[in-house]
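Asker: I'd like to ask you about the structure that follows.
The values are calculated or read from the model by the stated rules, or taken from the named source; none is laboratory data. Bear in mind that the values here come from a model prediction, so they are computed numbers and not experimental data. All Cβ positions, even for glycine, are placed from backbone atoms using ideal geometry, and neighbour counts span all protein chains on display. SASA here: full protein model, heavy atoms, side chains in, ligands and nucleic acids out. Shrake-Rupley method; radii C 1.70, N 1.55, O 1.52, S 1.80 Å.
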Amino acid sequence: MKKQTIVLACACALLQAQAITTASPDGNVVADFNVVDGVPTYTVDYKGKHIILPSRMGLDLDNAPDLLDGFELANTSSSSFDETWQPVWGENSDIRNNYNEMVATLRQPANDRTVLIRFRVYNDGVGFRYEFPQQRNLNYFVVADERSEFAMPGDITAWWIIGDYDTQEYEYTESRLSEIRGINEGRAVESNLSQQQFSPTGVQTSLQLKTDDGIYINLHEAALVDYSCMHLNLDDKNFVFTSWLTPDAQGKKGYLQSPCKSPWRTIMVSDDARDILASNLILNLNDPCKYDDTSWIKPVKYVGVWWEMIGHDKPWAYTWDLPSVKLDSLDYSKVKPNGVHPANTANVKKYIDFAALHGFDQVLVEGWNIGWEDWSGNKKDYVFDFQTPYPDFDIDELNKYAHSKGVRLMMHHETSSSVRNYERHMKDAYDLMDRYGYNSVKSGYVGDILPRGEHHYGQWMNNHYLYAVTEAAKHHIMVNAHEAVRPTGLCRTYPNLIGNESARGTEYESFAGNSTSHTCVLPFTRLQGGPMDYTPGIFENDLSKFNPNKKTHVNTTICRQLALYVTMYSPLQMAADVPDVYNRFLDAFQFIKDVAVDWDRSIYLEAEPAQYITAARKAKGTDNWFVGGISANGHKSEIKFDFLDKDRKYEATIYADAPDAHYLTNPQAYTITKKKIDAKTRLKLTTAPGGGFAISIKPIN
């Protein structure tokens, strides 16, 4: 049942230059808007403290007068809104959307143009956006850049990554704002980024910040549609961030036609880090679900033919016998198979058997289709057709076998960033999925975008990602897009966007290793806009067992991997290691089998960016709870179970790091204990460096 209240008030006369104040429903967050000497400005306070100092707003246009100054405040309106809505899937079965709103109508007399700026003020932060009514003098226009400022209250601490236009696959850095320039320039040299690819003081959102007096601030955006992704460029003398949009191949930032609007610019704020993790601000700023029927959209727990290639260095390609002819016209029946191609019928059946035995929904198979021999780095237009399997992959037989076991196969579409080629084949590829009963696809966008010069996070590509999702919906297909733009809450509007990568995931444990703080930062940053397909569950840390030349080490304990299924929220969770490894640790693997992927209620019990996170979640439609805790350098936790029903008893199965566990020296040391608990129970647990704990809780009365 949706409950909704709207109260509206209007001030229609031309207003004097004075602040228009909008407070959150609880009064703790206050946004002031003003037009000072023709320039729109705003501030944000939290519990009487300045969070955003006076900051300018507006857009710079290409070959047209800008939308930065010369404004008059022609009108304001205010309203209040309160509803409770139910997501198709999520961390909570009910989400409250409660805010106070102010809309300022600005006139620019010199150019006879009108712009609206809309503010929504929530208990956990602020969202604002630009709106452009249809008008003669602002019809078709090109954005040279957006100039939304976020003036910080000093040289505060930030957790950030470099402002790359094409990837978020970086470790997060913790530093003062004044240190960003020097670190960024060094990183750009290491990553071989040109000045055309990033700004020396640029960072990506979601950006997590903390003041010296303990106020947490998070900057991001919501509802990124038909617009370029926003980075932030820092004036490191005055500590002012300015929006910095991803350019296209010609250096333009956006092509708009009124009536239109920008994405929301979001500012979360709290004096408790747990509130940042629990915030629904970004989801609430997105439009309601566009689909009438969502019965086909289901959370997924899966295994797959993936880590064999990533962690064990087996090939995606069927052959090493590269002929001189173009591969798109290659007759694969006449080439010699390499003999170690994992996406073969017999091997995939083993994964299907494993999934069926242990209750998993789907089996992902990468490397099943022709074209992998020369796909990477060659910037080919026509690469894959997403329909033709290799000779050793019997798509018909495997899908029949999977369905007979109550399991589905998960499709894989690596586009190699040849976007025109993907759109060329998309309908036929989705039709193939319909024919064989696939209902989800993992897509990928590795490499430089084709058309050449476009970026992964530009307006052109953002429109493509949404096109792929909406076309998939016509076929009742769920989409998990890797290397796409980082999420901005569009999964509320299009819930078949069931997951994204768009950050440095588990695969980097094989490439270069992830720091133990990495997954203690991601929920504060990348996950703010939507869930991540992080692919946890790696139990074997020593990858040299599979390849003697492999020098990387998976920086985690087994119990930390279990905890990630709770702390890294996603309705799409992979048990990423291979069956043979799991068969050695079936007692620990039991938690991965048991843990839910959809929730009625989520509570963050303790949190601090880059240090530790502990979360508790109640599985949807049951009375079972799951708790997960992770830490970077070791942490002592005291878990209070006061979230449990007060009149019930429960059995808790506790998966904990052994006393001598350590992510480097003893990562596979763990203990499993069972304990009767109730709402009054207090439990002390210690995580090892790079460690964690996981608790499965089931009622016994």
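Asker: Compute the orientation-averaged projected area for the chain from the convex hull of its Cα atoms and round it to one decimal in nm². Provide the component values of the computation, followed by the final result.
Answerer: On the way: hull surface 123.5 nm².
With every direction weighted equally, the projected area is 30.9 nm².
Asker: Please name which of Val441, Ala656, Tyr165 has its Cα lying farthest along the dipole of the chain towards the positive end, using unit charges on Cβ (Lys, Arg +1; Asp, Glu -1) and the Cα centre as origin.
Answerer: In the chain, that residue is Ala656.
Asker: Roughly how much of Leu490 is accessible, in Å² to the nearest 10, using a 1.4 Å probe?
Answerer: 30 Å²
Asker: If I fit a long axis through the Cα atoms of helix 459-474 and take the longest principal axis of the Cα atoms of the chain, what angle between them do I get, 0 to 90°, rounded to 10?
Answerer: So the helix axis and the longest Cα principal axis differ by about 60 degrees.
Asker: At a Cα cut-off below 19 Å, give the lysines reachable from Lys253, other chains included and same-chain residues fewer than 8 away excluded.
Answerer: Lys261
Asker: For region 273-359, what percent of Cα pairs sit more than 14 Å apart? List each step's numbers first, then the result.
Answerer: Working: 2950 of 3741 pairs.
Summing the P(r) of region 273-359 above 14 Å gives 79 percent of all pairs.
Asker: Compute the Cα gyration tensor for region 425-531, then decide on rounded, prolate or oblate, letting a ≥ b ≥ c be the square roots of its eigenvalues: rounded whenever a/c is under 1.5, prolate when a/b is larger than b/c in the other cases, and oblate in all that remain.
Answerer: prolate
Asker: Using only the Cα atoms of region 534-634, what are the Rg and Dmax in Å?
Answerer: Rg, Dmax (Cα atoms, Å): 14.6, 47.
Asker: Based only on Cα atoms, what Rg/Rh ratio does region 314-441 have, Rh being taken as Kirkwood's radius? Can you show the working numbers first?
Answerer: Numbers: Rg = 14.8 Å, Rh = 15.3 Å.
Taking Rh as the inverse mean 1/r over Cα pairs, Rg/Rh reads 0.97.
Asker: Right, next: Rounded to the nearest 0.05, what FRET efficiency do Ser404 and Ser333 give with R0 = 22 Å and r taken as the Cβ-Cβ distance? Could you check? Don't jump to the answer; show the numbers that get you there.
Answerer: On the way: r = 28 Å, r/R0 = 1.28.
Computed FRET efficiency for Ser404 and Ser333: 0.20.
Asker: Filter the trypsin sites (Lys or Arg not before Pro) in region 59-159 down to the DSSP loop ones having no more than 12 other Cβ atoms within 10 Å, then list what survives. Walk me through the intermediate numbers first.
Answerer: Values: sites: Arg96, Arg107, Arg113, Arg118, Arg120, Arg129, Arg136, Arg147; in loops: Arg136, Arg147.
Passing both the DSSP loop test and the Cβ count: Arg136.
Asker: Let me ask another. Compute and list, largest first, the equivalent-ellipsoid semi-axes of region 127-240 from the alpha carbon gyration tensor, each √(5λ) rounded to a whole angstrom.
Answerer: Values: eigenvalues 146, 71, 31 Å².
After diagonalising the Cα gyration tensor, the semi-axes are 27, 19, 13 Å.
Asker: Here's a follow-up. Taking only protein heavy atoms into account and a 1.4 Å probe, give the accessible area per residue of the chain in Å².
Answerer: Numbers: 26070 Å² over 701 residues.
Roughly 37 Å² per residue, with all protein chains present.
Asker: Quick one, what does Rg over Rh come out to for region 357-505 if you take C-alpha atoms and the Kirkwood Rh? Working shown, then result.
Answerer: Numbers: Rg = 15.2 Å, Rh = 15.9 Å.
For region 357-505, the value is 0.96.
Asker: So if I restrict to the alpha-carbon atoms in region 90-184, what is the Rg, and what is Dmax, the biggest pairwise distance, in Å?
Answerer: Using the Cα atoms of region 90-184, the pair Rg, Dmax is 18.9, 50 Å.
Asker: Another one. Can you order the peptides 545-552, 307-314 by their average number of other Cβ atoms within 10 Å per residue, highest first?
Answerer: Values: 545-552: 12.2, 307-314: 20.6.
Per-residue mean Cβ counts within 10 Å order the peptides as 307-314, 545-552.
Asker: Hey, what does the equivalent ellipsoid look like for region 565-617, semi-axes from the Cα gyration tensor as sqrt of 5 times each eigenvalue, largest first, whole Å? Spell out each step's value before the answer.
Answerer: On the way: eigenvalues 116, 38, 20 Å².
Those come to 24, 14, 10 Å.
Asker: Take the alpha carbon gyration tensor of region 504-546, find the square roots of its eigenvalues, order them as a ≥ b ≥ c, and report rounded if a/c is under 1.5; if not, report prolate when a/b exceeds b/c, else oblate.
Answerer: Numbers: a/c = 2.82, a/b = 2.17, b/c = 1.30.
Verdict is prolate for region 504-546.
Asker: Another question about this same structure. Taking only the Cα atoms of region 484-601, how large is their convex hull per residue, in Å³?
Answerer: On the way: hull volume 13.5 nm³, N = 118.
Hull volume over Cα atoms, normalised by residue count, gives 114 Å³.
Asker: Rounded to two decimals, what is the ratio between the C-alpha radius of gyration of region 396-437 and 2.2 N^0.38 Å?
Answerer: Working: Rg = 12.5 Å, N = 42, 2.2 N^0.38 = 9.1 Å.
Relative to the 2.2 N^0.38 Å estimate, region 396-437 comes out at 1.37.
Asker: Describe numerically, in nm with one decimal, the distance between label points set 7 Å from Cα along Cα→Cβ at Asp292 and at Phe511.
Answerer: Going by the 7 Å Cα→Cβ label model, 4.4 nm.
Asker: Okay, next question. When only Cα pairs under 8 Å and 6 or more residues apart are kept, what is the percent relative contact order across the chain? List each step's numbers first, then the result.
Answerer: Details: 1789 pairs, mean separation 75.7, N = 701.
Averaging sequence separation for qualifying contacts and normalising by length gives 11 percent for the chain.
Asker: Expressed as an acute angle from 0 to 90° and rounded to the nearest 10, what is the orientation of the C-alpha long axis of helix 180-191 relative to the principal long axis of the chain?
Answerer: Compared with the principal axis, the helix lies near 40 degrees.
Asker: For region 73-115, take N as its residue count and report Rg(C-alpha) divided by 2.2 N^0.38 Å.
Answerer: Details: Rg = 17.3 Å, N = 43, 2.2 N^0.38 = 9.2 Å.
Region 73-115 yields a ratio of 1.88.
Asker: Which sequence of Thr114, Thr21 reflects their accessible areas, 1.4 Å probe, from the largest down? Intermediate values should be presented prior to the final figure.
Answerer: Details: Thr114 40, Thr21 85 Å².
The ordering from most to least exposed comes out as Thr21, Thr114.
Asker: Beyond a 28 Å Cα-Cα separation, which of these cross-linked pairs lie in this structure: Lys442/Lys620; Lys349/Lys379; Lys301/Lys674; Lys405/Lys620? Walk me through the numbers before you get to the answer.
Answerer: Numbers: Lys442/Lys620 25 Å; Lys349/Lys379 34 Å; Lys301/Lys674 25 Å; Lys405/Lys620 25 Å.
Table pairs above 28 Å Cα-Cα are Lys349/Lys379.
Asker: May I pose another question? How much space per residue, in cubic angstrom, does the convex hull of the C-alpha atoms of region 134-179 take up?
Answerer: Numbers: hull volume 6.6 nm³, N = 46.
In region 134-179, the Cα convex hull volume per residue is 144 Å³.
Asker: Helix 558-567 sits at what angle to the longest principal axis of the chain, using alpha carbons and giving 0 to 90 degrees rounded to 10?
Answerer: 40 degrees
Asker: May I pose another question? Just the Kirkwood number for region 220-348, please: inverse of mean 1/r across all distinct Cα pairs, in Å, one decimal. Please report the intermediate quantities before stating the final value.
Answerer: Working: mean 1/r = 0.0473 Å⁻¹.
Hydrodynamic radius (Kirkwood, Cα only) of region 220-348 equals 21.2 Å.
Asker: With N denoting the number of residues in region 12-136, provide Rg(C-alpha) divided by 2.2 N^0.38 Å, to two decimal places.
Answerer: Working: Rg = 16.3 Å, N = 125, 2.2 N^0.38 = 13.8 Å.
Against the compact-globule rule of thumb, the ratio is 1.18.
Asker: Which FRET efficiency, nearest 0.05, do Ala19 and Ala64 yield, Cβ-Cβ r, R0 35 Å? Provide the component values of the computation, followed by the final result.
Answerer: On the way: r = 30 Å, r/R0 = 0.84.
After rounding to 0.05, the efficiency reads 0.75.
Asker: Compute the Cα gyration tensor for region 615-701, then decide on rounded, prolate or oblate, letting a ≥ b ≥ c be the square roots of its eigenvalues: rounded whenever a/c is under 1.5, prolate when a/b is larger than b/c in the other cases, and oblate in all that remain.
Answerer: Numbers: a/c = 2.24, a/b = 2.21, b/c = 1.01.
Prolate, since a/c reaches 1.5 and a/b exceeds b/c.
Asker: Just going by the charge dipole of region 381-489, with Lys and Arg at +1 and Asp and Glu at -1 on Cβ, which of Gly406, Pro451, Val419 is farthest out on the positive end?
Answerer: Gly406
Asker: Treat every Asp and Glu Cβ in the chain as -1 and every Lys and Arg Cβ as +1, leave all other atoms uncharged, and give the resulting dipole magnitude about the Cα centre to the nearest 20 debye. If you can, show how the numbers build up before the last one.
Answerer: Values: 70 positive and 90 negative charges, 301 e Å.
For the chain, the charge dipole is close to 1440 debye.
Asker: In vacuum, with every alpha carbon of region 191-278 counted as one equal point scatterer, what does the Debye formula give for log10 I(q)/I(0) at q = 0.14, 0.16, 0.22 Å⁻¹? Two decimals, please.
Answerer: So the normalised log intensities work out to -0.62, -0.78, -1.16.
Asker: Related question: State the volume of the convex hull built on the alpha-carbon positions of region 448-488, expressed per residue in Å³ and rounded to an integer.
Answerer: Hull volume over Cα atoms, normalised by residue count, gives 77 Å³.
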